[in-house]
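A quick write-up on the structure given underneath.
We did not get these values from a lab; they are worked out from the coordinates using the rules stated. Treat the numbers as computed from the prediction; the structure is a model and nothing was measured. Glycine also receives a Cβ, built like all others from the backbone with ideal geometry; neighbour counts cover every protein chain displayed.
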Amino acid sequence: MNEQRYPLLEDLHVLRTAALTSIRDRAFDALPLYYAEYSDGIVSGCGISINRDSLTVEPGIVRHGGFMYFLRQPMPLTYAPTEEYMILKLRFGMPQETESFLERSLRLVLSPDMDVHPDEMELARFKLKSGAILRTKYTDFFDRVTEFNTVNVIHSPYAAIGRSTLHPEVVAAFAKEAAAYQLEPLDEAFCLAALQNLPVAYEQVAFYLRRRLKQDTAEFDNEGLYQGLCQVLREVQTGGRIAMGRAHRARREVYVD
């Protein structure tokens with residue numbers, strides 16, 4: 001029998017072992033159960049803010065090795081120009097068991113090692129020139145992978161059902177720019193999903209790109225998904241489709257001989 005037992009927390013009640021166990025189970029088991037079918041990756045938060053000589057990873061939740069890690073406090077880290085790619089990684093320590101706790105540590109590192117090892121997760125990468133400042137603001141969708149001085153989150157895995165996917169912010173940015181143009185029904189359906197700012201599953205993005213680019217057997221990593229979206233956006237912008245605002249004005253024009 002599957003019983004649902006809720007501890008009654010009232011004044012003058014003694015918290016017995018069974019009640020404390022119930023609190024523990026609900027606190028630590030609910031979220032992993034909810035995300036049981038999700039891949040490892042960022043679950044929420046973990047945005048990156050920049051100062052002149054330091055960056056900060058904001059609070060959030062990540063899933064790694066099936067375990068949910070809570071970044072409860074901002075994690076700052078200094079950086080300096082190297083004019084080579086540096087990867088911002090979360091590095092996960094081995095579980096350590098004490099008398100009262102099972103401890104799982106994680107720390108923030110900047111590394112020139114382009115390989116992401118099993119005990120690591122990429123959050124961003126950048127290549128900084130001497131005298132420049134990192135930026136997280138982009139002029140347009142294509143600017144997100146500008147080589148120098150730009151925080152690039154394309155390669156960071158975002159947790160989703162089945163397989164990690166692109167950050168929702170990236171997919172939403174594509175949809176916002178594409179929405180300024182006349183779109184095919186397939187484009188419109190994808191953009192509506194992307195504009196929710198929720199993770200769009202890898203298979204959903206890949207399906208859209210395969211159909212849209214007529215590449216029925218294509219497989220993609222995060223970089224491939226992003227480049228595919230870039231190709232679609234270029235086609236939308238330059239492929240003979242008229243921007244919706246201009247098309248609306250054109251229908252209202254009256255010509256008099």
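Phi angles across segment 107-117 convert, under the Karplus curve 6.51 cos²θ - 1.76 cosθ + 1.60 with θ = phi - 60°, into 3J(HN,Hα) values of 9, 9, 9, 10, 9, x, 6, 6, 7, 9, 7 Hz, Gly and Pro given as x.
Peptides 196-202, 211-217 ordered by packing proxy, namely the average of other Cβ atoms within 10 Å per residue, highest first: 196-202, 211-217. Please compute the modelled spin-label separation between Glu223 and Glu103, points set 7 Å along Cα→Cβ, answer in nm with one decimal. Placing both labels 7 Å beyond Cα along the Cβ direction yields 3.8 nm. Phi-derived couplings, Karplus 6.51 cos²θ - 1.76 cosθ + 1.60 at θ = phi - 60°, listed residue by residue for segment 139-156: 6, 6, 4, 6, 6, 5, 10, 3, 5, 9, 6, 10, 6, 10, 9, 4, 8, 6 Hz, with x used for Gly and Pro.
Amide hydrogen proximity for Val43: with H placed 1.01 Å from N in the peptide plane, the residues at 5 or more positions away or on another chain lying under 5 Å are Ile61, Val62, Arg63, Ala159.
Please work out the Cα center distance from segment 38-99 to segment 186-213, rounded to the nearest Å. Each part's Cα centre sits 27 Å from the other's. Straight Cα distances below 16 angstrom link Lys129 to the aspartates and glutamates Asp53, Glu83, Glu84, Glu147, with same-chain residues fewer than 8 positions distant left out.
Protection proxy ranking, highest mean first, for peptides 186-192, 57-63, 114-120: 57-63, 186-192, 114-120, where packing is the per-residue count of other beta-carbon atoms within 10 Å, averaged.
Neighbouring Cβ atoms within 10 Å as the yardstick, rank Cys230, Cys46 fewest first.
With the sparsest Cβ surroundings first, the list reads Cys230, Cys46.
Exposure proxy shown here: for Ser130, Ser164, the number of other Cβ atoms within 10 Å sets the order, fewest to most, as Ser130, Ser164.
Placing R0 at 30 angstrom, the Cβ-Cβ distance between Cys230 and Arg72 gives a FRET efficiency of 0.25 after rounding to 0.05. Phi angles of segment 196-213 translate, via the Karplus equation with coefficients 6.51, -1.76, 1.60 and θ = phi - 60°, into HN-Hα couplings of 6, 6, 10, x, 9, 3, 3, 4, 5, 5, 5, 4, 4, 5, 4, 6, 5, 9 Hz per residue; Gly and Pro are given as x. Compared with the alpha-carbon gap, the fully stretched path from Gln215 to Glu58 is longer by 52.7 nm at 0.36 nm per residue.
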